[in-house]
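Peer 1: This is the structure, below, for whatever I ask next.
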Amino acid sequence: MQKPDDAETAAGTVLTAQQVADYLRRHPDFLTQHPELLNSAAPGAPLRADGAVDMQHFLLKRAQGQLRALQDAHADLVSTSRANLTSQKRIHQAALALLAAPGFPQLLEAVTTDLAVHLEVDAVALCVEAVEGAPNRVPMGGISILKPGTVDHLLGQGRESLLRPYVSGERALFGPAAGLVRSDALLRLDLGSRAPHGILAFGSRNEGRFQPGHGIDLLTFLSGILALAIRSWLDLPE
């Protein structure tokens with residue numbers, strides 16, 4: 001009389017991997033009784049003189065695989081940590097450049113030149129919306145004037161930042177440097193309750209430089225430093 005498992009095989013039923021695994025769990029001595037299967041499944045496994053398979057071979061292979069996985073994970077962690085430290089150092093240098101500006105014109109120059117150097121981007125722009133009903137004025141060097149409502153239109157109502165991996169640089173933001181920009185990061189500038197909305201924009205010629213999933217904390221910290229510096233120099237209320 002055939003056992004149920006044997007009957008299924010004899011009937012020509014094609015077994016799935018899950019069925020095979022379940023069978024082996026129910027019959028833990030099966031591979032011990034058929035050691036030649038282990039040897040054929042892993043040709044590199046040594047077969048002892050008595051015909052038994054040396055299981056240490058499999059244990060060693062598994063341990064080696066786990067070790068390689070740990071080494072790869074460690075290398076990734078070290079690489080990520082070094083990249084984060086480098087980013088922090090650049091942001092700190094950029095923040096010091098803003099704080100060291102002896103006047104407002106020098107602050108604007110630091111935004112458009114020093115920040116680009118420290119952060120290794122191709123364009124940095126400080127943009128402020130025009131005030132509705134106010135007389136038109138020639139924009140100060142280093143500041144781009146936007147139409148009212150542009151900040152919310154670009155970032156979205158209530159959003160503080162936007163990272164765009166693939167763009168064609170907008171002239172309204174980056175001016176003559178717009179043709180270089182293929183990826184950008186836009187950060188809302190809080191210049192005070194009575195001040196117009198603003199944006200600090202970073203542009204890169206490298207597509208994908210700024211990705212939506214990337215951390216934005218360091219750039220947000222830098223935009224906060226800039227907003228405080230601008231409010232201080234212009235004596236703007238919070």
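Peer 1: Arrange the following residues from fewest to most other Cβ atoms within 10 Å of their Cβ: H92, H74. Display every interim value, and only then the final one.
Peer 2: Details: H92 14, H74 10.
In order of increasing Cβ crowding within 10 Å: H74, H92.
Peer 1: Going through region 150-238, which trypsin sites (Lys or Arg not before Pro) have at most 14 other Cβ atoms within 10 Å and a DSSP loop state?
Peer 2: Values: sites: R159, R171, R182, R188, R194, R205, R209, R231; in loops: R159, R182, R194, R205, R209.
Counting only loop positions with at most 14 other Cβ atoms within 10 Å, the trypsin sites (Lys or Arg not before Pro) in region 150-238 are R159, R194.
Peer 1: Which GluC sites (Glu not before Pro) in region 150-216 pass both tests, a DSSP loop state and at most 14 other beta-carbon atoms within 10 Å?
Peer 2: Details: sites: E160, E170, E207; in loops: E160, E170, E207.
Those satisfying the criteria are E160, E207.
Peer 1: Run the numbers for L234 and T16: contour at 0.36 nm per residue of separation, minus the present Cα-Cα distance, in nm.
Peer 2: Values: separation 218, 0.36 × 218 = 78.48 nm, distance 7.40 nm.
Difference between extended and current length: 71.1 nm.
Peer 1: Say R0 is 41 Å: what FRET efficiency, to the nearest 0.05, do Q211 and A63 get from their beta-carbon distance?
Peer 2: Values: r = 37 Å, r/R0 = 0.90.
After rounding to 0.05, the efficiency reads 0.65.
Bear in mind these aren't lab numbers, they're just calculated from the coordinates by the rules spelled out. Just so we're clear, the structure is a prediction, and the values are computed from it rather than from any experiment. A quick note on method: Cβ atoms are made from the backbone with ideal geometry, for glycine too, and the neighbour counts reach across all protein chains shown.
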